[in-house]
Amino acid sequence: MLKKLKNSRLLTGDSTYAQLLRTYIVGGFNLVFGLGISYLFQFFVFYSIEIPLRTYLTNIFAFSIGVLVSYFLSRRIIFKLSIYEGGIKEFVKFLVTNLINLVVPLFIWFLIDLIRPSIQDNEIQFLIATVLIHGFILPVKYLIYKLFVFKDSLNN
């Protein structure tokens, strides 16, 4: 059954639906990977730094590592492009687009700090808020990737 699912047109096709499904799969992996990195930085690496600076630094470092991993996964899995091609111009577009993943969460965490800063101290609430924030951003990122970032590579 797993082999049948793996070879289904929904996962292997080039339709927008297949690409969007793969975006959620890659996004899920990136989310778990990012949560692991965020958790590590928030509660271990930057633990001695006061909130909210700790949360801001956590988001910046997790973003920096995550954007590199996400670029290669997006090229290979979502759009079925070689990870060895692309170029600096494409990576810069990807990086700029992914600033959404940095700026929007930082802004939301700023608002959370104003309204209910205790969320940043609670491990479970921190993880839930992070999942929700990034889950809402994902479909917008897919459209930007397809129409702007990887447009030239997809047309070749």
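Every number in this text was worked out from the coordinates using simple rules, so none of it is lab data. What you are looking at is a predicted structure, and each value in this text was computed from that prediction instead of being measured. Cβ sites come from the backbone with ideal geometry, for glycine too, and all protein chains shown count toward neighbours.
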Q. Which one is surrounded by the fewest Cβ atoms within 10 Å (Cβ to Cβ), of the residues in the range 36-51 that are part of a helix (DSSP H, G or I) and touching a helix residue (DSSP H, G or I) at 6+ places or on another chain (Cβ under 6 Å)?
A. 37
Q | Leading residue by the ranking (farthest from residue 112 (Cα to Cα)) among those in the range 14-29 that are touching a residue at least 60 places away in the same chain (Cβ under 8 Å) and part of a helix (DSSP H, G or I) | A | 16
Q) For residue 44, all conditions in the list (1) within 24 Å of residue 129 (Cα to Cα); (2) under 19 Å from the mean Cα position of the chain (by Cα) hold save one; what is the number of the exception? A) (2)
Q: For residue 80, state whether it is closer than 21 Å to residue 138 by Cα, among the charged types (D, E, K, R) and not in a helix (DSSP H, G or I).
A: yes
Q) Would it be correct to say that residue 103 is surrounded by fewer than 17 Cβ atoms within 10 Å (Cβ to Cβ), touching a helix residue (DSSP H, G or I) at 6+ places or on another chain (Cβ under 8 Å), in a helix (DSSP H, G or I) and among the aliphatic types (A, V, I, L, M)? A) no
Q | Matching option when the condition is more than 25 Å from residue 154 (Cβ to Cβ), hydrophobic (A, V, I, L, M, F, W, C), touching a Gly at 6+ places or on another chain (Cβ under 6 Å) and part of a helix (DSSP H, G or I), among 62, 129 | A | 62
Q: Name every residue in the range 62-100 that is closer than 19 Å to residue 32 by Cβ, surrounded by fewer than 17 Cβ atoms within 10 Å (Cβ to Cβ) and touching a Phe, Trp or Tyr at 6+ places or on another chain (Cβ under 7 Å), in order of residue number.
A: 69
Q: State all residues of the range 109-132 that are farther than 15 Å from residue 39 by Cα, in contact with a helix residue (DSSP H, G or I) (Cβ under 8 Å, 6 or more places away or on another chain), surrounded by fewer than 18 Cβ atoms within 10 Å (Cβ to Cβ) and not small (Gly, Ala, Ser); if no residue qualifies, say none.
A: 113
